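K.L.:
For reference, the structure I am asking about is given below.
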Amino acid sequence: MSWKDQLKNGLRSADDLDPSVPAEVARAFKVRAPRPYLDLIDPTDPNDPIAAQVIPDARELDFRPEELEDPIGDAAKSPVPRLTHRYPDRVLLYPTYQCAVYCRHCFRKEAINDGNRGFSRAALTTALAYVGAHPEVREVILTGGDPLLLTDDQLAWLRAEIEAIPHVRLLRVHTRIPVVLPDRVTPGLVAALDGRLTVVIVAHFNHPREITASAASAARALRKGGYVLMNQAVLLRGINDSADVLEDLCRELVYSLGMIPYYLHHCDLTRGLSHLRVPIEEGLAIVGALRGRLSGVCQPTYVLDLPGGGGKIPLGPSYVEGREAHRWLFRSWEGAVVPYVEVLSADLPVVGGSSQGQGGGG
Ligand SMILES: *Cc1c(COP(=O)(O)O)cnc(C)c1O
Ligand code: SF4
């Protein structure tokens, strides 16, 4: 089956859902999943981690007052349509708001469900002009929506427009295609991204069962194309909220896909996701356990995106247990508290005072 047929033969809309899913739940947010991803579901498991990412759940309608339509301030920091500029050196560009899969946990769910905004050259003109007029922008991040749902020609056009802006050095492509529709990674797609810019592809694998032979072929093709591969996962209740699952995921990302775990995201304050959120305290304990189990290459950074566009906060855990001038107390990966004395030139003043349990956390 070609990737286009895999899309057609998958879950295309709420109409394709099992009638046991109540209509108001099925119609609340978009529904879509390609055939190969659906085939990973174990129908005998009521808590299947793949199904939980794509089949609507009644709890998605449970909106809490503290939850937000624009949870991380994408719109608040958008100077022109289809672009977010939060950090000086990098921008997000949204070539399309459509995806091959509509994830139940999507942090940008409301923007994705706002109409059916797809790709057009005209829609991106102002955003590209904005990047051209801002020499401080070195990285352009294609996100969305899923940028790899564009045709090869659209992608090649966009890549060429971006690389014609001389101050841009890095093209980042944030995509779930390698996870949910790996056969879309064709030679034409690999060629479409090839040009002057260094390219980093950031995928979104959440569970080790998503790492299939097809995903491995796609990853190999992208690496052979010369692209750097990274992953961002989201910490999700019932899907990957255990050190065992995340250990397995991070190892296989590196060992099977040659993909470096980049971020483990704390679930944002998107509306209707409270059933998927893991307490921060628990998240810190999980990443603390990973520190002792995984090599540095396999370690993701646990981050939280502040509401309102405040940006990302690395959550730790902290390994600083205390400090007295140049004498620091660190907690080792085995849990021992170990003193470390800084040895510096005699005339260097002590910066910072004493503290206890600075940073704290898991
Ligand atoms: C997350 C994010 C980025 C990318 O940040 P990195 O830490 O470089 O991955 C850029 N812009 C916005 C608006 C973001 O939310
Ligand atoms: S692929 Fe990404 S943007 Fe699309 S629904 Fe999933 S998380 Fe959201």
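K.L.:
If you take the residues in segment 250-274 that are over 25 Å from Asp62 (Cα atoms) and either within 16 Å of ligand 2 (Cβ to nearest atom) or β-branched (Val, Ile, Thr) (or both), which one is least open to solvent (accessible area, probe 1.4 Å)?
P.N.:
Only one residue fits best here, namely Val254.
A quick yes/no check of all residues on (1) assigned to a strand (DSSP E or B); (2) within 23 Å of Leu229 (Cβ to Cβ):
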site: Val287; (1), (2): no, yes
site: Gly292; (1), (2): no, no
site: Val303; (1), (2): yes, yes
site: Lys312; (1), (2): yes, yes
site: Ser318; (1), (2): no, no
site: Arg323; (1), (2): yes, no
site: Trp328; (1), (2): yes, no
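K.L.:
Then there's this: Tell me yes or no: at least one residue of segment 120-127 is within 16 Å of ligand 1 (Cβ to nearest atom) and on the phi > 0 side of the Ramachandran plot.
P.N.:
For segment 120-127, residues within 16 Å of ligand 1 (Cβ to nearest atom) and on the phi > 0 side of the Ramachandran plot: absent.
K.L.:
Using beta carbons and a limit of 9 Å, which pairs, at least six apart or on different chains, have the first residue in segment 51-62 and closer than 14 Å to Leu236 by Cα and the second one among the acidic types (Asp, Glu) and loosely packed, with under 15 Cβ neighbours inside 10 Å?
P.N.:
Ala51/Asp42; Ala51/Asp45
K.L.:
Among the listed residues Leu257, Leu246, identify the single one that is within 17 Å of the chain's Cα centre (by Cα), under 30 Å from Arg196 (Cβ atoms) and not small (Gly, Ala, Ser).
P.N.:
Leu257
K.L.:
Shifting gears a bit: Could you please tell me which pairs satisfy a Cβ distance under 8 Å, a separation of 6+ or placement on different chains, a first residue in segment 150-177 that is β-branched (Val, Ile, Thr), and a second residue that is assigned to a loop (DSSP other than H, G, I, E, B) and loosely packed, with under 15 Cβ neighbours inside 10 Å?
P.N.:
Val168/Arg138
K.L.:
Select from segment 27-57 the residues that are open to solvent by less than 90 Å² (accessible area, probe 1.4 Å) and over 24 Å from Asn240 (Cα atoms) and list them in ascending order.
P.N.:
Hit for segment 27-57 is Ala28, nothing else.
K.L.:
Could you grab me the full set of residues in segment 289-316 that are farther than 19 Å from Arg331 by Cβ, open to solvent by 30 Å² or more (accessible area, probe 1.4 Å) and hydrophobic (A, V, I, L, M, F, W, C)?
P.N.:
Within segment 289-316, Val297, Leu304, Leu306, Ile313 meet the criteria.
K.L.:
In segment 180-197, is there at least one residue being within 16 Å of ligand 1 (Cβ to nearest atom), open to solvent by less than 30 Å² (accessible area, probe 1.4 Å) and outside any loop (DSSP other than H, G, I, E, B)?
P.N.:
no
K.L.:
Another question, if that's okay. Just need a number here: residues in segment 64-103 that are of a type in the set (A, V, I, L, M, F, W, C), at pLDDT 95 or above, more than 16 Å from ligand 2 (Cβ to nearest atom) and open to solvent by 20 Å² or more (accessible area, probe 1.4 Å).
P.N.:
Number of matching residues: 1.
K.L.:
What are the pairs, 6+ residues apart or on separate chains, where a residue within segment 269-290 that is more than 14 Å from Gly238 (Cβ to Cβ) has its Cβ under 6 Å from a residue that is of a type in the set (Phe, Trp, Tyr) and open to solvent by 10 Å² or more (accessible area, probe 1.4 Å)?
P.N.:
Hits for this filter: Thr270/Phe107; Arg271/Phe63; Gly272/Phe63.
K.L.:
For a quick check of your reading of the model, give me the residue pairs whose first member lies in segment 295-309 and is closer than 24 Å to Ile260 by Cα, whose second is open to solvent by 20 Å² or more (accessible area, probe 1.4 Å) and among the hydroxyl-bearing types (Ser, Thr, Tyr), with beta-carbon atoms closer than 9 Å and at least 6 apart or on different chains.
P.N.:
Pairs found: Cys298/Tyr255; Pro300/Tyr262; Pro300/Tyr263; Thr301/Tyr262; Thr301/Tyr263; Tyr302/Tyr263; Val303/Tyr263.
The values are calculated or read from the model by the stated rules, or taken from the named source; none is laboratory data. Quick caveat, the model's predicted, so the values are computed rather than measured. All Cβ positions, glycine included, derive from the backbone under ideal geometry; neighbour counts span all protein chains shown. Protein only, heavy atoms only, side chains kept; ligands, DNA and RNA dropped before computing areas. Shrake-Rupley method; radii C 1.70, N 1.55, O 1.52, S 1.80 Å.
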